[in-house]
Amino acid sequence: MITEHEGTYWKDFFRFLKLNRRFFVFLGILLVGELILTLILPSLFPETWYLRSYLPWISVKKTQEFLKGDLNIELDEKLGWRNKPNTVLGEIKYDQFGSRSAKGISLNDRSKCLVIFMGDSRIGGYRNISNEQTINAYLENEKIETLNLATNLYGLDQVFIAMKDVIKQFEPDYIVIGVGSDVGEPLNSHYLPFLHSEVGEPLLKPRFVLENDQLILKTPNFKKFLDRIPDSIELLAYLKLNDAHYSRFNQFKANEFTPILGLLSIIQTRIGWYLNNLRHILGIKEKREVKNIELVKKLLQEIHNYSKEWGVTIIFLLMPKREEFLGNVELKAYQQIANLLRSKGFAYVDVLTLFKTKNVQTELFFDRVHNTGFANKIIAQELLKFIQ
């Protein structure tokens, strides 16, 4: 039964539509026109025009700075990028090895146990902490020295490639590698802006494909493809064939390039954000699974096999996100990785369980993924049990 108040509301609403019907008709015509344009424009405009619109101006500028060597990372022909040695960026300081070290190492004195850390910024430490608050710094003592070679935005594929040279150069006793429930996401990606729109630096990375249970490495020409951003037609042609996330760019061309469609996309994204918050309020947990699980399995096994040949012990750090720690998402993906590491007999630290058992009141996360120095100290104390 409609109340008098509700009846008045609907009358006002229909009166508003009637008074503004010309505007809505005009808006509808524009929208239909844009939908037609999206079908025609790809045959008129080169794809580089779309890429120029897709990439924020600051991203293009950072690509140019990256190629000139003006950032805290530099071009690497194998890995795409690496930490730039002897560089300072706020609290982040890299030594001559590109390591975020606290005390450094003694190359001529091997009486100490050498532990090398690898992974992304969750292991390397974010800008909120100093070198002395990293996991590796808290691990160091009179018998243990460390290097932290973790690099922002690295995937497990890059870690595997880098690890081979690291073992040959430093001959460490242990290598600690950080992984998370999102470990599989970048494995079928070359160009990071197609993987995550919020990536500030448009970086290219190598990737592996799995053929007949063998890892086949695909390495694009990083400098050639990035040198002409955003007008590199060669880059787009390569990504169209080799990057599984090229579909994101196609979606942009179809749904976000023209003004009204772009506005609708922004509204849709904002609605999705509110719905996600509503799910959290209602206690509805988001379901996630590990992406590219077969590639993850193969890479973990190859990392283990290679290190075993050299007599190096690998310890995996299974790092949770803040939302996983708070219980806002289902832990299926996290448990998938934990079960995989356990079933293979790999040494690993379940950091989520570790944090839960501590029952501390101090903040453990700086943001969605990065730990505080206090959390790093807890992890280092647990790692020490494995190394001793």
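Only the coordinates and a few stated rules stand behind these numbers; no lab work does. As the structure is a computational prediction, the values presented were derived from the model and not from experiment. Heads up, the Cβs are rebuilt from the backbone with ideal geometry, glycines too, and the neighbour counts pull from every protein chain shown.
Some points to look at:
- Added length on full extension, which subtracts the Cα-Cα distance from 0.36 nm per residue, Q388 to N72: 110.3 nm
- Spin-label pair E65/K308, simplified geometry with 7 Å Cα→Cβ offset, distance in nm: 4.5
- Loop sites in the stretch 80-174: trypsin sites (Lys or Arg not before Pro), DSSP, at most 11 other Cβ within 10 Å: K143
- Over 26 Å apart at the Cα level, from the set K78/K168; K240/K287; K93/K224; K321/K377, are K240/K287; K93/K224.
- Per-residue Cβ neighbour rank within 10 angstrom, fewest leading, V296, V88: V88, V296
- FRET E, pair V88, D109, Förster distance 22 Å, beta-carbon r, rounded to 0.05: 0.25
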